[in-house]
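No value in this document is a laboratory result; all are computed from the given coordinates. Remember, predicted model here, so these are calculated numbers, not experimental data. Here the Cβ positions follow ideal geometry from the backbone for every residue, glycine too, while neighbour counts run over all protein chains shown.
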Amino acid sequence: MIVFKGCARCAGDLYVEKDVGSTDLVCLQCGYRKSIRTWIDEAPEMRRQEIKEKELQELGV
Ligand SMILES: [Zn+2]
């Protein structure tokens, strides 16, 4: 899954990186990294809905 232009630093594209106990969003262009939970909390409403849906699908919920 990719979040297009989701990076707060460079407006680059973010991809999901899963680790044990956490899921991060990482920027393809600059390496910026943020927990998906934090990103959702801080994201504008429109993006928030977008990523929540995708995240739930991704996790098979
Ligand atoms: Zn970036």
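Maximal additional length on extending the E53-T23 stretch stands at 9.3 nm, based on 0.36 nm per residue less the C-alpha distance.
Packing, taken as the mean count of other beta carbons within 10 Å per residue, orders the peptides 23-36, 45-58 from highest to lowest as 23-36, 45-58.
The charge dipole of the chain, taken about its Cα centre with unit charges on the Cβ atoms of Lys, Arg (+1), Asp and Glu (-1) only, comes to about 140 debye. Phi angles across segment 31-36 convert, under the Karplus curve 6.51 cos²θ - 1.76 cosθ + 1.60 with θ = phi - 60°, into 3J(HN,Hα) values of x, 3, 9, 8, 4, 4 Hz, Gly and Pro given as x.
Semi-axes of the equivalent ellipsoid for segment 2-59, computed as √(5λ) from the eigenvalues of its C-alpha gyration tensor and ordered from largest down, come to 16, 14, 10 Å.
Coupling constants for segment 20-29 follow from the phi torsions by the Karplus curve (6.51 cos²θ - 1.76 cosθ + 1.60, θ = phi - 60°), and in residue order they are 5, x, 8, 10, 10, 9, 10, 6, 5, 8 Hz; glycine and proline get x.
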